[in-house]
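Below is one structure; the comments refer to it alone.
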Amino acid sequence: MIAFENVAYSYGGGELLSGVDLTLQPGSFHFLTGPSGAGKSTLLKLCYGELLSTKGRVVLFDRDIRGVGRDGLARMRRRVGVVQQDCQFLDHLSVAANVTLPLSVTGREGDPQDLSDLLGWVGLTHLAGARPPQLSGGERQRAALARAVITSPDVMLADEPTGNLDWEMSLRLLTLLVELNRMGKTILIATHDMNLIRAAKTQVAARVLRIKGGRVELAGAEL
Amino acid sequence: MSGLGTALRDLVRPDPGADRLVPPTGMGSWLTVFTAGVMAFLAVFALALSLASGRLADRWADALARTSTIRISAEGAQVAAQTEAVLALLATTPGVASARALSETEERALLVPWFGSDLPLEDLPIPQLIEVTEEGSGYDAEGLRLRLEAEAPGAVLDDHARWRQPLAEAASRLRFLGWGALLLILATTGAIITLAANASLSANESILKVLRQIGAQDAYIARAFVRRFTLRTLGGAATGVVCGLIAVWILPSGDTTGGFLTGLGFSGSSWLLPWLLPVLCAIVAFVATRAAAFRKLAEMT
Ligand SMILES: Nc1ncnc2c1ncn2[C@@H]1O[C@H](COP(=O)(O)OP(=O)(O)OP(=O)(O)O)[C@@H](O)[C@H]1O
Ligand SMILES: [Mg+2]
């Protein structure tokens, strides 16, 4: 699904990431950890081409992200669900319209039942008609997660999706992601939350990647 | 580029899905409508100026190119003899295509507007007029004058139409100024719409980012902006043209005398010409906004 080949990235100063080799097999479930500022968000952005590696290749769906062109990249992104750390919305549209936006930009109509099921699952039914600026941080994260999964993407990339959530809601969202993984989707979640990782490990064969000194390594069984 | 065909089709087909991607904004949209309106209004006058000076230049050039008159004033029978002599002389003058003595009825017709029809012309010493039509680069007026003096002392060459030469030139230059002004107006429209589109794109940058991230293609994102700016321009320009046409229409007209200011208007089918202006402005807006949108999007991944 996703492969990094000797990837390096720098924002202009020194190299934040260097020599990253990474392969996410289809249907795998990974967590990405590391101290704040280690480059977790950066690595996720490299996965779907928001950032382009300064060295090495990033391969998504068996194709080099650099070689697919702007429209090709757009088409690839339709198969990737992204929850960013600072989720952005179209503030003049309702939450429901934002959640179905990935469908409408490709000319598809969502099933209203699916939408209400999804909003119910993330606990936003009562806010379907609200505007995103009216949402709390946690509600924004849940709306962003709903928007990311509505197309049933092959890959889910989530950056601290439970950062602002209470434990109960975190588990709910985790269950959603585990469900998707059982349907064969590839999942990568950046998080600090060790409890979340432990909880996930009881449900799926999740592996933990850690960014350390600019490199990505597989964390052992010490968790 | 096949995307252009799609983009044009999208322009006429309303798509609430793409339209609502961009929030309605106050200032920018009014700037576009207002600019398009004012520019189209001005363009109507530039067009009227071009057409009027074009007509004038053609008319003057025509008139002076080709004719002058010789007036023969003499005693009774002398007139006929001198007319003969002048016609013979003209027949051998290089640059003269033809010469013709006006009949009494024609002369009378010339005078009626000035003196009324009940004037006893027979009793008046009306000079005989000879109409000379030129060819090529015309005849040598000074040489002809000298020869007339020798052969027919009562003949006076009147080539006063020649004073119009510089005026005709000025009129034709005015026509080009008019077209130039029209081009400048369109260019200014394009520049201001580009500015407004850039402002709108920058103001909505976070929307562009979200749309790119969820997999919208550039053409789809650009479409929302292009449609909006093109339709606004079309509406504004159409309003401007209506106002411009009304203003031209209520100008006092005195076409028969052919004065320049009173001739500043449209005639016949040229009333349809200004309606091309909204279409031209819309094309300018379409191209300008599309270019601006793609330029902005190219800055993002
Ligand atoms: N746009 C940017 N320009 C320059 N530097 C940046 C930019 N974005 C991030 N950085 C820097 O890159 C480093 C890694 O940032 P990143 O957001 O990937 O960290 P992170 O691991 O996600 O941290 P956190 O856990 O706090 O979210 C940080 O030191 C940050 O200051
Ligand atoms: Mg981060």
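The values are calculated or read from the model by the stated rules, or taken from the named source; none is laboratory data. For clarity, every value in this text was computed on a predicted model and none was experimentally measured. Positions of Cβ are backbone-derived with ideal geometry, glycine not excepted, and every protein chain shown enters the neighbour counts. What goes into the accessible areas is simple: the full protein's heavy atoms, side chains included, and nothing from ligands, DNA or RNA. Shrake-Rupley method; radii C 1.70, N 1.55, O 1.52, S 1.80 Å.
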Inset, instruction - Read through the list (1) in a helix (DSSP H, G or I); (2) within 14 Å of another protein chain (Cβ to nearest Cβ); (3) more than 21 Å from A:ASN164 (Cβ to Cβ), then give the number of the only condition that A:GLU50 fails. - result: (1)
Inset, instruction - Only one of these is free of Cβ contacts under 8 Å to residues at least 24 places away in the same chain and either of a type outside the set (D, E, K, R) or more than 7 Å from every other protein chain (Cβ to nearest Cβ) (or both): A:GLN84, A:GLN88. Name it. - result: A:GLN88
Legend entry - One residue from A:PRO35, A:PRO26 being loosely packed, with under 14 Cβ neighbours inside 10 Å, within 15 Å of ligand 1 (Cβ to nearest atom) and not charged (D, E, K, R): A:PRO35
Legend entry - Among (1) within 16 Å of the chain's Cα centre (by Cα); (2) in contact (Cβ under 8 Å) with a residue 12 or more places away in the chain; (3) open to solvent by 10 Å² or more (accessible area, probe 1.4 Å), the one test that A:VAL99 misses: (3)
Legend entry - Any helices (runs of 4 or more DSSP H) falling wholly within the range B:26-118 and containing at least 2 residues that are in contact with a strand residue (DSSP E or B) (Cβ under 6 Å, 6 or more places away or on another chain): B:76-91
Inset, instruction - Would you be able to say whether some residue in the range A:112-121 is open to solvent by less than 60 Å² (accessible area, probe 1.4 Å), within 16 Å of ligand 1 (Cβ to nearest atom) and at pLDDT 90 or above? - result: no
Inset, instruction - Test each condition in (1) near ligand 1 (Cβ under 8 Å from one of its atoms); (2) more than 14 Å from chain B (Cβ to nearest Cβ); (3) within 18 Å of the chain's Cα centre (by Cα) for A:GLY13 and report the one that comes out false. - result: (3)
Legend entry - the range B:193-224 - residue that is more than 14 Å from every other protein chain (Cβ to nearest Cβ) and crowded, with 19+ Cβ neighbours inside 10 Å and, of those, nearest to B:LEU277 (Cα to Cα): B:ILE193
Legend entry - Yes/no for B:ARG295 being at pLDDT 90 or above, within 14 Å of chain A (Cβ to nearest Cβ) and open to solvent by 30 Å² or more (accessible area, probe 1.4 Å): yes
Inset, instruction - Scan the range B:191-217 residue by residue and report those that are assigned to a helix (DSSP H, G or I) and more than 30 Å from B:MET39 (Cα to Cα). - result: B:SER206, B:ILE207, B:LEU208, B:LYS209, B:VAL210, B:LEU211, B:ARG212, B:GLN213
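So that you can scan it fast, the table gives a plain yes or no per residue for (1) away from ligand 2 (no atom under 15 Å from the Cβ); (2) among the charged types (D, E, K, R); (3) within 18 Å of A:LEU218 (Cα to Cα); (4) touching a residue at least 12 places away in the same chain (Cβ under 8 Å):
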| site | (1), (2), (3), (4) |
| --- | --- |
| A:TYR9 | no, no, no, yes |
| A:GLY14 | yes, no, no, no |
| A:PRO26 | yes, no, yes, yes |
| A:LEU32 | no, no, yes, yes |
| A:LYS45 | no, yes, no, no |
| A:THR54 | yes, no, no, yes |
| A:VAL59 | yes, no, no, yes |
Inset, instruction - Show the residue pairs that are 6+ apart or on different chains and have beta-carbon atoms under 8 Å apart, the first residue being within the range A:199-211 and farther than 9 Å from A:LEU32 by Cα, the second being among the charged types (D, E, K, R) and open to solvent by 10 Å² or more (accessible area, probe 1.4 Å). - result: A:VAL204/A:ARG182
Inset, instruction - With a cut-off of at least 1 residues that are within 14 Å of chain B (Cβ to nearest Cβ) and more than 16 Å from ligand 2 (Cβ to nearest atom), name the strands (runs of 3 or more DSSP E) lying wholly within the range A:133-223. - result: A:155-159
Legend entry - Residue that is within 16 Å of ligand 1 (Cβ to nearest atom), buried (at least 16 other Cβ atoms within 10 Å of the Cβ) and over 11 Å from the mean Cα position of the chain (by Cα), where the choices are A:LEU196, A:LEU176: A:LEU196
Inset, instruction - Specify which of the listed residues (B:LEU167, B:LEU186) is closer than 26 Å to B:THR230 by Cβ, more than 14 Å from chain A (Cβ to nearest Cβ) and of a type in the set (A, V, I, L, M, F, W, C). - result: B:LEU186
